[in-house]
Structure formats: structure tokens, C-alpha cells
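Worksheet: one structure, shown below.
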Amino acid sequence: MNVDLFDFALPPERIALRPASPRDTARLLVLDGADTRDLHVGDLPLQLRPGDLLVFNDTRVIPAQLEGKRGEARVGATLHKREGPRRWRAFVRNARRVREGDVIDFGHDVTAVARDRAEDGSLALDFLGDKPVELLLERAGTTPLPPYIAARRPADAADLDDYQTMFAQEPGAVAAPTAALHFTPELMTALTERGVGHATLTLHVGAGTFLPVKASDTTNHRMHAEWGRIDAATADRLNAVRANGGRVIAVGTTSLRLLESAADEHGLVHPFEGDTSIFITPGYHFRAIDGLLTNFHLPRSTLFMLVAALMGRERMQAAYAHAIASGYRFYSYGDASLLLP
């Protein structure tokens, strides 16, 4: 499909630079069949049915943004995928000044050797020494805010909490599964009282999620792979919910993409551990999910294509036009939408 079909104009003032406080006071645009409702995230329990199940991503954002030097040249690196115990794949700023075999000094006694330049321009970084890489990143790294926020303000101490969900357990993400940022313990209690369950899986979100689609046609776009895991007990629970008439609602496109990667043609979810590069565009037949809670996405992005596949492109273009006109806040720290086809 032509990528231009997924374009729309977004005024810069609609891009949220901070999250709502409390988190569950963010606005919620509900698309329920043909119905459209303007609510708040705190109203979510009454938009779901007893027996439904929300699926959260329990990945934890790591301080994956690094600034260093190769000789006198300044170099920036954003880690986006672990490739080994001490190796991370990274998008590198000023990469033309770095050759394979060069040592990059990130300060705080953190150094890495550049290796294996890929077709997309990324480099593998082999971190030197014997201390765990996670400890080195805590020393030298910062929170990797999305580029549309980082271009307007630097990361600060508030982002250490703001850009982490209440479900964050498994370190490895470069970006937060932002739909889950809206949830609070109070909201989870209300959902439980409503009879809505929840489960978790792990998908380590990579920096590739922010890359624009440069191809003019979706068939020519290549997704970056991300690592995920669904254990057997979780797969069994998801399947039981649907067998009993409940709905599986993915919280965030990351949860949705992993669920769809793990499902067979009959809609059964199987245990999964490994990489997924699934690319969902209109015409895709959803197998594992019955709805999605997600934030508002970038124009021409793979994530806007995904929600267009779920609800219909024209419906989503109209919904986004309504959201812009109604003052909804967009992107990672913005408001949410509940999509029930």
C-alpha cells in the first residue's frame, strides 16, 4: 500500500512533553464498533466486560542512550537490541567517524569496541571489562526519550519514573510500552473489582519503533526484530479466556505484535521465545486479540498502519482528526485510545 495513505497533519502543540498526573487522568478515545466516546482512562473498567483480560508488556526501559568520543570525535549511541552477553546493536550518531575495531569511550570507565556494521548503518558494540553491562549503562547511560520529545527538552530526573510502567520487571527495552504508562494501582483495583483480569508477557522494545517508514510502499519496508517471550502458563490462560467467551485486549502495540506472532491460524496462542519482526498493515487477519488500548501514533508510521489494520484506515483517519480537533495529546506521554473492532 502507498505510505501516503497513512499520513496526517499534526500540530506540534499536540505532542505531549510530560504525562498526565495522576496517570489515569489521561483522556481516552473509545472506538467501540461504530460508536465513538470521549472519556478518561479512569473510565476504562466500565468500557470492558467481566471476563475480559488485559495483556501488559513487563519490559523495563534501560538507560540505553550513550554519549562518548572516538578520539576527538563526539559519538552518540542508542542501544536497541541485545545480541550477546556483552554485545548490543546500536544506532550511532556521527557513525561515519567510527570504523569497525575503534574503541568508543563513553566516560565513567565505560568503553566499547565497534563491530559488524549492518546494512541499516547500525553497529554492534562490544562492551569491555568484566562488570555487567547493565551496571555500565547505569553509570554512563541516560533514559532514551523518543526523538520528538528529546528534540524539545532534555531527559531529566522525572523521566526515570515517568517513562517506566508499573509493570516493568524485565530489563531490556529502549522504549517504554507507553500504553501501560496510564495504569495505576487504583485503576488496577477497579479493573479487578469489575472482573477484568490481567496477564503479562515480555517484548523488549527497540529504537526501531521510532524509525520513519522511508519506502513509498509498505511492501518495501523492513521491520527491525525485537525479542519477546510468552510462557506456557500465560498462553494457556489467554486461550482459556477466549474459550470462555472473554476478550483478550492488548495493552499497547508491543503486546499485540507479540501475541499475533505467537498465535496459529486458529487463534490459539503458543509459548514463544525469540525474535519477531511482524509488520501489520490493512488486510491482516487478527488471530489472537479482540481489542487494543494504545496511544496516538506518528503519521506514516508502522504503528498507525497497525491500528488502521485493526479498525479500518478511513475510521482511524477520522478518529485522529477528531482527536486533534478535540485537543487530545499525542505520542508516548499523550492520551490513549481503546479500539474495539
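The values are calculated or read from the model by the stated rules, or taken from the named source; none is laboratory data. What you are looking at is a predicted structure, and each value in this text was computed from that prediction instead of being measured. Every residue, glycine as well, gets a Cβ built from its backbone with ideal geometry; the counts of neighbours run over all protein chains shown. Side chains included, ligands, DNA and RNA excluded: accessible areas come from the protein's heavy atoms. Shrake-Rupley method; radii C 1.70, N 1.55, O 1.52, S 1.80 Å.
Quick notes
- Reachable lysines from Lys131, criterion Cα separation under 16 angstrom, eight or more residues apart if same chain: none
- As a calculated quantity, the FRET efficiency between Glu119 and Glu193 at R0 = 41 Å, using C-beta atoms, amounts to about 0.20.
- In this calculation the C-beta distance from Leu17 to His285 is compared with R0 = 35 Å, giving a FRET efficiency of 0.40.
- Rounded to the nearest 0.05, the FRET efficiency derived from the C-beta distance between Glu273 and Glu72 at R0 = 51 Å is 0.75.
- Percent accessible area from carbon and sulfur atoms, the stretch 130-258, protein chains only, probe 1.4 Å: 51 percent
- Packing, taken as the mean count of other beta carbons within 10 Å per residue, orders the peptides 191-199, 23-31, 152-160 from highest to lowest as 23-31, 191-199, 152-160.
- Ordering of 181-188, 215-222 by packing [mean C-beta count within 10 Å, highest first]: 181-188, 215-222
- Shown in residue order for the stretch 18-23 are the 3J(HN,Hα) couplings computed by the Karplus curve 6.51 cos²θ - 1.76 cosθ + 1.60 at θ = phi - 60°: 9, x, 5, 9, x, 4 Hz (x for Gly and Pro).
- The relative contact order of the stretch 193-341 comes to 22 percent, based on Cα pairs under 8 Å that sit 6 or more residues apart.
- The stretch 36-114 and the stretch 164-182 have Cα centres separated by 11 Å.
- Computed over protein heavy atoms with a 1.4 Å probe, the accessible surface of the chain works out to 43 Å² per residue.
- Stretch gain in nm, segment His40-Arg97, where the contour uses 0.36 nm per residue and the Cα spacing is subtracted: 15.7 nm
- If the chain linking Gln169 and His108 were pulled fully straight, counting 0.36 nm for each residue of separation and taking away their Cα-Cα distance, it would gain 19.4 nm.
- To the nearest ten degrees, helix 232-243 and the longest principal axis of the Cα atoms of the chain are 20 degrees apart.
- Positive-end extreme of charge dipole, the chain - chosen from Ile15, Leu29, Ala318 (charges on Cβ): Ile15
- Nearest 10 degrees, 0 to 90: helix 185-194 Cα axis against the chain principal axis: 30 degrees
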